[in-house]
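Chemist: Have a look at the structure that comes next, please.
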Amino acid sequence: MSSAFLQCISCAAIFPTTQPLYQCSHCGDLLDVNYTLDPLDPTEIKERWRQRRLSRRPIDISGVWRYRELIPFYGQEENIITYPEGNTALLSAPRSARYAGLRSLQVKHQGFNPTGSFKDNGMTTGVTQAQILGMRAVMCASTGNTSASMAAYAARAGMLGIVFIPEGQVAFGKLAQSLDFGALTLQIRGDFDVAMSLVREIAPEIGIYILNSVNPFRLEGQKTIAIELLDQRGWDVPDRIVVPGGNLGNSSSLGKGFKELYDWGFIDHMPRITIVQAEGADPLYKTITSADQESLVTVYARTLATAIKIGRPVSWKKAMRAMTWTDGWVTEVSEQEIADAKAIIGQDGIGCEPASATTLAGVRKLMNQGTDKPISDDEDIVLLLTGQVLKDPDYTVRYHRGELYEDYVTETRVIHSTGKIRSTYANAPIEVPPDKEVIKRLIEERLSQLPKI
Ligand code: F0G
């Protein structure tokens, strides 16, 4: 029988999983869920995972719980709250590859999840643990995707979801989900970092479970993204995996996932994790490039990629650990670079939200600029696209119409005057009269621009 325990990432103190705990009661640092595992035979388990794809049981169909041998904290199967989630597509992206200067490129699109973002991978494990603890309500601060996901899973589990979101800074697709799924939705007059501190103070005082990535059970589900990716690739480890960095739960969980797969004999080397932040929300980049990497350099975050508009990421130490384990790197990209990369991913017929596009922008930048960890054009790279394009349609339409400004806030409070983003790859809608001849002429003109076969 395997058993799970909580362990401090700094002083290694151990705690039981039977209480809601988010930090070490000795030194205050973050906690991992760790396991005493029965001996594992990776070849046999990989085969078992393949066989489960033929099963009709919800926990076999789930792209998280299919890999349950590596997340054995759930006790009984009845505790598990699953949609199912995961099973996200691994796609080739030839136009994006050319844009970055690579021979080929794959994207793993976490936007294929039930609520449209990678948060579902971690929310199924977080809400399952809430169920085990007998919680009636769960709480999070969010830039929109965690709240959408938590609201959905809470509804499925019959719990009350309580979300704290920064007022006017959450894309409408995400806000709509949280409202529709019945969460108590509190728009805080402040940014994400303010909302996060409030949640960390209020939730323990009133006995409500926190489902931000400070909760280590969230990260257990998210680490299965690493497992599913390798399973999809027949256990061929890529050279590099590139992820956006916000609150830094995702990069932390991938680091833990790859490290465990390596330690437990499933793979013989790890991919390098590259984290990409927006220039206006780059605390990890500032920290890793500072002389003293022991304390976080916080920033007042500004970016149109609202999902990653975070200046004080809670999981920064775990992300640093992931960088060390995988010989990884952090870079930052501008608003213009994010907007153009997003349009190029769209041209591949894939689409994603702005935060996800930092990955392509980051690879392109590391190809073109001399850094101490450059990328070569024959590297085998996977971008992790974190959210789907419909999450933030306003951004996309504005870009294509030439109306995207760095200082606009949301569709509820449109403010723009300076910092116009160039719509380099715009595909604007065209207004036409209901006139057959005019319309035919327009289409023919467009057809005449197609490359000759
Ligand atoms: N991409 C998207 C689409 C996100 O929603 C987030 C985070 C990230 C990337 C960054 O991931 O925080 O694990 O480093 N969104 C959180 C939220 C903060 O509240 O939805 P991270």
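What follows is calculated from the coordinates using simple rules that are stated; it is not laboratory data. What you see is a predicted model; the values in this text were computed from it and never measured. Neighbour counts are summed over all protein chains in view; Cβ atoms, including those assigned to glycine, are modelled from backbone coordinates with ideal geometry.
Chemist: Send over the semi-axes of region 307-449's equivalent ellipsoid, whole angstrom and largest first, taken as the square roots of 5 times the C-alpha gyration tensor eigenvalues.
Modeler: With the √(5λ) rule applied to region 307-449, the semi-axes are 35, 20, 13 Å.
Chemist: Ok, one more. Suppose we take every Cα in region 101-215 and form the convex hull; what volume per residue is that in Å³?
Modeler: 121 Å³
Chemist: Can you list which of the GluC sites (Glu not before Pro) found in region 247-329 are DSSP loop residues with at most 15 other C-beta atoms within 10 Å?
Modeler: Sparse-neighbourhood loop GluC sites (Glu not before Pro): Glu294.
Chemist: Sticking with this structure for a sec: Stick to Cα atoms and the Kirkwood definition of Rh, then tell me Rg/Rh for the chain.
Modeler: 0.97
Chemist: Given Thr274, Val138, Asn34, which one lies farthest toward the positive end of the charge dipole of the chain, if we put +1 on the Cβ of every Lys and Arg and -1 on the Cβ of every Asp and Glu?
Modeler: Val138
Chemist: Quick one: which residues, 5 or more positions from Ile267 or on another chain, have an amide H under 5 Å from its amide H? H modelled 1.01 Å from N in the peptide plane, none for Pro or chain starts.
Modeler: Correct list: Tyr262.
Chemist: Tabulate in residue order the Karplus-calculated ³J(HN,Hα) for region 48-60, using 6.51 cos²θ - 1.76 cosθ + 1.60 with θ = phi - 60°, rounded to whole Hz; enter x for Gly and Pro.
Modeler: Here the 3J(HN,Hα) series is 4, 4, 5, 4, 4, 5, 8, 7, 9, 6, x, 6, 8 Hz.
Chemist: If you line up the long axis of helix 119-132 against the longest principal axis of the chain, both from Cα atoms, how many degrees apart are they, to the nearest 10?
Modeler: 30 degrees
Chemist: Where does the longest stretch of the chain lie that holds no chymotrypsin sites (Phe, Trp or Tyr not before Pro) found in a DSSP loop with 16 or fewer other Cβ atoms within 10 Å?
Modeler: In the chain, the maximal stretch lacking such sites is 1-234.
Chemist: Right, here's the next one. Mind pulling the angle between the C-alpha long axis of helix 335-347 and the longest principal axis of the chain? Nearest 10 degrees, somewhere in 0 to 90.
Modeler: Approximately 80 degrees, to the nearest ten.
Chemist: So if I take the centroid of the Cα atoms in region 23-53 and the same for region 204-221, what is the distance between those two points in Å?
Modeler: Each part's Cα centre sits 18 Å from the other's.
Chemist: Quick check: the distance between the Cα centres of region 235-264 and region 93-110, to the nearest angstrom?
Modeler: About 19 Å separates the Cα centre of region 235-264 from the one of region 93-110.
Chemist: Same structure again: Find the relative contact order for the chain and round it to a whole percent, using C-alpha pairs within less than 8 Å whose residues are 6+ positions apart.
Modeler: 15 percent
Chemist: Right, another one. What is the distance in Å between the Cα centroid of region 114-168 and that of region 313-374?
Modeler: Answer, in whole Å: 26.
Chemist: Follow-up. Using θ = phi - 60° and the Karplus form 6.51 cos²θ - 1.76 cosθ + 1.60, what ³J(HN,Hα) does each residue of region 395-400 get, whole Hz, x for Gly and Pro?
Modeler: 4, 5, 5, 4, 4, 5
Chemist: List the pairs from Lys259/Lys365; Lys108/Lys365; Lys259/Lys391 whose alpha-carbon separation is above 29 Å, in the order I gave them.
Modeler: Values: Lys259/Lys365 27 Å; Lys108/Lys365 20 Å; Lys259/Lys391 32 Å.
Violating the 29 Å limit, Cα to Cα: Lys259/Lys391.
Chemist: Using the alpha-carbon atoms, what tilt in degrees (0 to 90, nearest 10) does helix 192-205 show relative to the longest principal axis of the chain?
Modeler: Orientation of helix 192-205: about 30 degrees from the principal axis.
Chemist: In addition: Taking amide H positions as placed in the peptide plane 1.01 Å from N, state which residues far from Gly351 in sequence (5 or more) or on other chains have amide H under 5 Å from it.
Modeler: Gly346
Chemist: Select from region 135-206 those GluC sites (Glu not before Pro) which occupy a DSSP coil region and have at most 16 other Cβ atoms within 10 Å, ordered by residue number.
Modeler: Glu167
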